[in-house]
Every structure is written in C-alpha cells, then in structure tokens.
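Asks: Got a structure here, written out as structure tokens. Questions coming.
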Amino acid sequence: MATKRDTTSHEAFTMKGGEGQDSYAQNSDHQRTGANITKNIMREAMAEKLDLQTLLLQNSCNTFRIADLGCSVGPNTFFTVQNIIDSVKLKLSDQSHEGRRGLEYSLEFQVFFNDHAGNDFNTLLKSLPEDKQYFAAAVPGSFHGRLFPESSIHVFNSSYALHWLSKVPKEIVDKNSSAYNKGKIYFTSEDKKVIEAYSAQFERDIESFLNSRASELVPGGIVTFLIPSVPPNSKNRFEANANIIGNVLVDMVNKGVISEELVDSFNIPMYMPASEEVKSLIEKNGKFRIERSELLLRLFTEQLPDVHSACMHMRAVWEGIFKEHFGEELVDEIFNGYEKKLAESTFLLDPSFKTMGQLFVIKRT
C-alpha cells in the first residue's frame, strides 16, 4: 500500500516536464489560446501604459528586462515574451525620445524565465527559439517572494500561475481544525470553513506577490497577469474537476490500493478566486493601481474539449503533485480512473459550470 509523502510545500508542485505525449508542453493548448486572445489587449496596454521615457532615462546600459513568472516548460512562455518585446519595439518606433534617437536599434532585451526549483528548466532552455531576440536566463524560486534586486525589472508577466498556492492551507490537514478536509482533496460549495482557509491562503500569497513585485519593479514599469477565476452566479468548473478525481482516490481506498490517511493528507494546492476577488486584493494591498482589467469568458466557453483532451490537459498540470504524494506507480491508475469518471459526467457540457480568464495590467502607485 502506498505510504505518505510530503506535498505541502510549493516545491512539490511540478508540471509534467519533458516533451512526451502527456507532457505539459504537448497539452497546454488551452494556455496558448489564452495567450492568443490576450495578445492584442496586452499590446494596447503596453502602448498606453508603459512609460518608456521614464524607463529609458534611468537605463544607461540600454537593457530592457522582462520576467515571466511561473513559466513552466514552454512553449507558451516564448510566445508571451515575444509579444512583450514586439510591443516595446512598436512603441519605440512610434515614439521619439529626446536624446535617444535610434534607440530601437540599440536596445537589448534580457528575459528571466522563473518557476520553482522543481521545474524542468532543461526542457525549457533546450526549447528556446533559435531566432530569439533576447538574452535568456532561468531563475528558480517561488514568485510569492523576492526573486530580483530592487528596481531591476521593467515588465513582469505571469500567465495561469497565480492560482497555484504557495502551500496547502495548514488548517485543512489538521485533524483538530474545524476546516479539516477529511476524505476530500478540494472543496464543495457547502464546505464553508475549507473555502475560507483556501481563500485566506490565496490572500496571503497575493499580498506577498504584490509586495515583492513592488520592490523589484523599476519606476514606470508594469505587471501583467492572466488568472483563471469564477464568474458571478456560476458553478466552479475547477471544483467539479477536482472532486471527480477525488472520487477516484476514494474508490482506490475502498479497493485497498491506497490508505485513507494518504487521501486525508492530500489537497489540491490551487484556488480559483471569484471574479471580483483579485481586484479587491490589489486595491487592498495599495501598492499598485489597476490600469486595465479584462474579463475573458469566451476563453473557456468557445471550445469545449473532448474528454480525452481534457484529461490529458489536467494530467499534464497535476501529475507532478500526484506522483509526489501517491507514488509514480499509481499515476496511470489515478488518471485512467479520472478519464473514465469524466466520461460518465455531464459537467463539461453544462453551461452553468464556468471559468473565465482575467487579465490585469497594474502599475506602482
């Protein structure tokens, strides 16, 4: 019977690396769709809100620094980074800076690809575009804390990463807590105490993220991030997904494949906020002002995936944490069971289950 492993720390949360058929690189079309949809919005935001004159007057070495936080293993991070570079170049070509003529030809770009230390940076760096227009570096570490020197980064971006928590809320694995989440790996709308614990952890993480970026961002720089969230009066699509795979684990307990304790000690370290929740936390933090906010409901509703594609996507995202906690030998059984139960469920075709993307562009106050 499988024994307990520690998956409460952020370092355990690893996307499926490599380039195989079940890897994140091969099963992240959904994220690429988000990058495509937000491409023009981000270009408009850069044109309107990026203060190049202030940035470049401080930048005597003509190096423009970009950091993509939660980059995973590609290829979507390369698409997003190139969009930022193209946006900066477009603004430079349209704007004349006194004493900086010809700067668009001499400006150099440095890009930092960040994810936690367990990320497959080998796959990421081997996949760098041959025609890249920047100097690249990998920066391992949690984006919930400081990663860079003070006032060193011009543009931060994060796509589909901030809903990952820095750790599982301690209350939900504490047997003496009223929020103890026994027998489940996520929550349902009835689990008020568990929801409160997740929400409180998410608030702490966003606060730490914003405080860190406020220190690292140069004056005039911007932060952009895309995060999935739940629209008003909608059922939580992610919650339904998580509880289906939770039912698979309960079945495995009943068959004696894994222990009840192993399931009770495991919870998904992700939180999908309500659509107004992130905006409220940014305003509460007070270090940034929201320059632009876009709700992208169509990102998730225009194309409903078939069951196998949906399963492969979730496996690419979740496999690392399941392998860490339950053991590699059980991963296939878990996700085969998940695909079977997903096929028996109707929620993929139920329009009341919704998740949308929220794009934020923020600057220092």
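Asks: For region 188-249, give the percent of accessible area contributed by carbon and sulfur heavy atoms, probe 1.4 Å, rounded to a whole number.
Replies: On the way: 1010 of 2030 Å².
Carbon-and-sulfur percentage of accessible area, whole number: 50.
Asks: Before I look further, what does region 129-205 give for accessible area per residue, probe 1.4 Å, in whole square angstrom?
Replies: I get 48 Å² per residue for region 129-205.
Asks: Under a 1.4 angstrom probe, counting protein chains only, how are LYS193, LYS49 ranked by accessible area, largest first?
Replies: LYS193, LYS49
Asks: Express in Å², to the nearest 10, the accessible area of MET270 obtained by rolling a 1.4 Å probe over the protein heavy atoms while all chains stay in place.
Replies: Probe radius 1.4 Å; accessible area of MET270 about 10 Å².
Asks: Now for a different question. Provide the per residue accessible area, probe 1.4 Å, for region 240-365, rounded to a whole number of square angstrom. Let's see the in-between values first.
Replies: Numbers: 5470 Å² over 126 residues.
Computed with neighbouring chains in place, this is 43 Å² per residue.
Asks: Using 0.36 nm per residue, how much length does the chain from GLU344 to SER127 gain when fully extended, once their Cα-Cα distance is taken away?
Replies: Numbers: separation 217, 0.36 × 217 = 78.12 nm, distance 3.75 nm.
Extra length from GLU344 to SER127 when fully extended: 74.4 nm.
Asks: Can I ask one more? Which whole-Hz ³J(HN,Hα) couplings does region 155-162 yield from phi under the Karplus relation 6.51 cos²θ - 1.76 cosθ + 1.60, θ = phi - 60°, glycine and proline marked x?
Replies: 9, 9, 9, 8, 10, 6, 10, 6
The values are calculated or read from the model by the stated rules, or taken from the named source; none is laboratory data. Because the structure is predicted, anything quoted here is derived from the model rather than measured. Each accessible area value is taken on the protein alone, full model and side chains, heavy atoms only, with ligands, DNA and RNA left out. Shrake-Rupley method; radii C 1.70, N 1.55, O 1.52, S 1.80 Å.
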